[in-house]
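Working notes for the structure below.
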Amino acid sequence: MAKYIKEGKSAAQLKAEDSKVRETVKAVIERIEQEGDKAVREYSKTFDKWSPASFLLSEQQITTVIESLPKQVIEDITFAQQQIRHFAQLQRESIQDIEVETLPGVILGHKNIPINSAGCYIPGGRYPMVASAHMSILTAKVAGVKRVIGCTPPINGEIPKATVAAMHLAGADEIYILGGVQAMAAMAVGTEKIAPVDMIVGPGNAYVAEAKRQLFGKVGIDLLAGPTEVLIVADESADAEMVACDILGQAEHGPTSPGALITTSESLAQETLKEIDRQLISLPTADIARVAWEENGQIILVKDEKEAVLEADKLAYEHVQILTKDPDYFLNNMTNYGALFLGQETNVAYGDKVIGTNHTLPTNKAAKYTGGLWVGKFLKNCTYQRCNKEASLKIGQYAMRLCELEGFMGHKEQAALRVRRYGKDD
């Protein structure tokens, strides 16, 4: 049976925090629905100290931003986007339209149709999340979305230049310097100056994730991607320095970011506790990472790989890094995760920033029922059918009986009309 060497906040504490977030988000969305741009501006002033003449950047502003950045920054962004675009294009090519004759004269098919517009949220605030522009805007464009807009908050009252450059290079049709719940609501319900979109996507903090949850139905969403999560699964072959480094590397996202270690080695568990304390002394973002670890960190001791899989699937974390002798065991047996990182040679930072897979991933146990953001999220799988007269006569006879079985007499008549009409032709 699994043994908890360290535990995070209780379920009751987390529930109380969730309730507070829900009420705040509800009030913001309702006011923006009623007051539009006026409410958006007031919330931007309150939360971000930001009230420009226009939240929408002009082409000249975007050009000026890009020209002000060092050449190396543009090259690095371009390299990352090449990797993400390539993998996204391969994914798109794997999604095929089909048309088949299932019975003589019965043609069934499906088309994968891109949505018409998408709103992409690029988090900021504490850090400029440059990579999120690639993951959402670029992926939407590869999928074929006609209008893709992006919102990102200011950072310390300034336009986040590298983020804007990434948004533009990814193909954004409109770029707004606007953050938080007010950005999500503006994109979803629309205002006088921002036309609404069909889907909102992108990661964010607990408030952004809750906004997506409450706005779902008015618009589509990709998934609920809240505060980042990282799980390390390790055995005695792993070393505490790497385990601690890979936990803290994600804990710096924010004070509510969970980090966990599942291990078959009690000595590794104890060494990791010491190593985390040691690394926090010199980590530049230790003020954030320490709170995340102290309040949300877990270490779970298990007897073997099979129990490790069981506990990992219960957690259903966003990022799962495998530091064991046989990483493929977890690739072959785990079912609940956002993304797997197999072996010590890779890590979550590669996936977050540059390697090519998408970093917008399910959190808060959503990995039990969905994967992450990808081109398929921007496509609608729409079916169609056609019959010739002979096929309609045959199918219609079955449909009449099945409709009557359920008591749907109007449905039955739709089928009966075709049977009478095409039966006469014989």
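The values are calculated or read from the model by the stated rules, or taken from the named source; none is laboratory data. Predicted model only: the values in this text are computed from it and were never measured. In this analysis, Cβ positions are derived from the backbone assuming ideal geometry, glycine residues included, and neighbour counts consider all displayed protein chains. Please note that ligands, DNA and RNA were not included when accessible areas were found on the heavy atoms of the full protein model with its side chains. Shrake-Rupley method; radii C 1.70, N 1.55, O 1.52, S 1.80 Å.
What tally of residues in the stretch 300-348 results from selecting those that are over 21 Å from Leu273 (Cβ atoms), among the acidic types (Asp, Glu) and either assigned to a helix (DSSP H, G or I) or open to solvent by 20 Å² or more (accessible area, probe 1.4 Å) (or both)? First the steps, then the outcome.
To start, the set of residues in the stretch 300-348 that are over 21 Å from Leu273 (Cβ atoms) comprises 304-306, 309-310, 313-314, 316, 318, 325-343, 345-346.
Applying the additional criterion that residues be among the acidic types (Asp, Glu) yields 304-305, 313, 318, 326, 328, 345.
From what is left, the residues that are either assigned to a helix (DSSP H, G or I) or open to solvent by 20 Å² or more (accessible area, probe 1.4 Å) (or both) are 304-305, 313, 326, 328, 345.
Of the residues in that region, 6 qualify.
Which strands (runs of 3 or more DSSP E) sit wholly inside the stretch 108-216 and have at least 1 residues that are farther than 20 Å from Gln81 by Cβ and not aliphatic (A, V, I, L, M)?
Working: elements: 117-121, 147-152, 174-177, 199-201.
Here the list reads 117-121, 174-177.
Condition check ((1) closer than 22 Å to Ala349 by Cβ; (2) touching a helix residue (DSSP H, G or I) at 6+ places or on another chain (Cβ under 6 Å); (3) of a type in the set (A, V, I, L, M, F, W, C)) across all residues:
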{"position": "Val219", "(1), (2), (3)": "no, yes, yes"}
{"position": "Glu236", "(1), (2), (3)": "no, no, no"}
{"position": "Thr263", "(1), (2), (3)": "yes, yes, no"}
{"position": "Ala269", "(1), (2), (3)": "no, no, yes"}
{"position": "Leu273", "(1), (2), (3)": "no, no, yes"}
{"position": "Gln279", "(1), (2), (3)": "yes, yes, no"}
{"position": "Ile288", "(1), (2), (3)": "yes, no, yes"}
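Would you check if Ile66 is under 25 Å from Lys353 (Cα atoms) and under 19 Å from the mean Cα position of the chain (by Cα)?
Taking the combined requirement at face value, the residue does not satisfy it.
For residues in the stretch 62-90 being touching a helix residue (DSSP H, G or I) at 6+ places or on another chain (Cβ under 8 Å) and over 17 Å from Gly171 (Cβ atoms), which is surrounded by the most Cβ atoms within 10 Å (Cβ to Cβ)?
The selected residue is Val73.
Six or more apart or on different chains, Cβ atoms under 6 Å: show the pairs whose first residue is in the stretch 272-290 and under 25 Å from Leu301 (Cβ atoms) and modelled with pLDDT of 95 or more and whose second is open to solvent by 50 Å² or more (accessible area, probe 1.4 Å) and among the aromatic types (Phe, Trp, Tyr).
Partner pairs satisfying both residue conditions: none exist.
Would you mind stating whether Glu93 is open to solvent by less than 80 Å² (accessible area, probe 1.4 Å), more than 24 Å from Asn156 (Cβ to Cβ) and acidic (Asp, Glu)? So that I can check it myself, show each step before the final result.
Numbers: open to solvent by less than 80 Å² (accessible area, probe 1.4 Å): no; more than 24 Å from Asn156 (Cβ to Cβ): yes; acidic (Asp, Glu): yes.
So Glu93 does not fit the description; no.
At least 1 residues that are under 29 Å from Met167 (Cβ atoms) and aromatic (Phe, Trp, Tyr) in each: list the helices (runs of 4 or more DSSP H) lying fully within the stretch 1-81 that qualify.
Details: elements: 11-35, 37-48, 59-68.
Hits in the stretch 1-81: 37-48.
Can you name the residue in the stretch 142-169 that is open to solvent by 10 Å² or more (accessible area, probe 1.4 Å) and of a type in the set (A, V, I, L, M) and, of all such residues, is nearest to Met129 (Cα to Cα)?
Ala162
Out of all the residues in the stretch 25-53, which are in contact (Cβ under 8 Å) with a residue 24 or more places away in the chain and exposed (fewer than 13 other Cβ atoms within 10 Å of the Cβ)?
Lys49
Looking only at the stretch 360-382, which residues are assigned to a loop (DSSP other than H, G, I, E, B), touching a residue at least 24 places away in the same chain (Cβ under 8 Å) and open to solvent by 40 Å² or more (accessible area, probe 1.4 Å)?
So the first thing to find is which residues in the stretch 360-382 are assigned to a loop (DSSP other than H, G, I, E, B), and the list is 360-365, 369-374.
Still in the list and also touching a residue at least 24 places away in the same chain (Cβ under 8 Å): 360-365, 370-374.
Correct list: Asn364, Lys365, Trp374.
So Asp173 fits all but one of (1) crowded, with 23+ Cβ neighbours inside 10 Å; (2) touching a strand residue (DSSP E or B) at 6+ places or on another chain (Cβ under 6 Å); what number is the exception?
Result: Asp173 fails condition (1) only.
Can you name the condition, by its number, that Thr64 falls short on among (1) farther than 24 Å from Thr360 by Cβ; (2) β-branched (Val, Ile, Thr); (3) touching a residue at least 12 places away in the same chain (Cβ under 8 Å)?
(3)
Within the stretch 282-299, restricting attention to residues that are assigned to a helix (DSSP H, G or I), of a type outside the set (A, V, I, L, M) and out of contact with any Gly (no Cβ under 7 Å at 6 or more places or on another chain), which residue is surrounded by the most Cβ atoms within 10 Å (Cβ to Cβ)? If you could, list the steps in order and put the result at the bottom.
In the first step, residues of the stretch 282-299 are kept if they are assigned to a helix (DSSP H, G or I); the result is 282, 286-296.
With of a type outside the set (A, V, I, L, M) added as a condition, the list becomes 282, 287, 290, 293-296.
Cutting the leftovers down to out of contact with any Gly (no Cβ under 7 Å at 6 or more places or on another chain) gives us 282, 287, 290, 294.
Values: Ser282: 7, Asp287: 11, Arg290: 19, Glu294: 15.
Within the stretch 282-299, the match that is surrounded by the most Cβ atoms within 10 Å (Cβ to Cβ) is Arg290.
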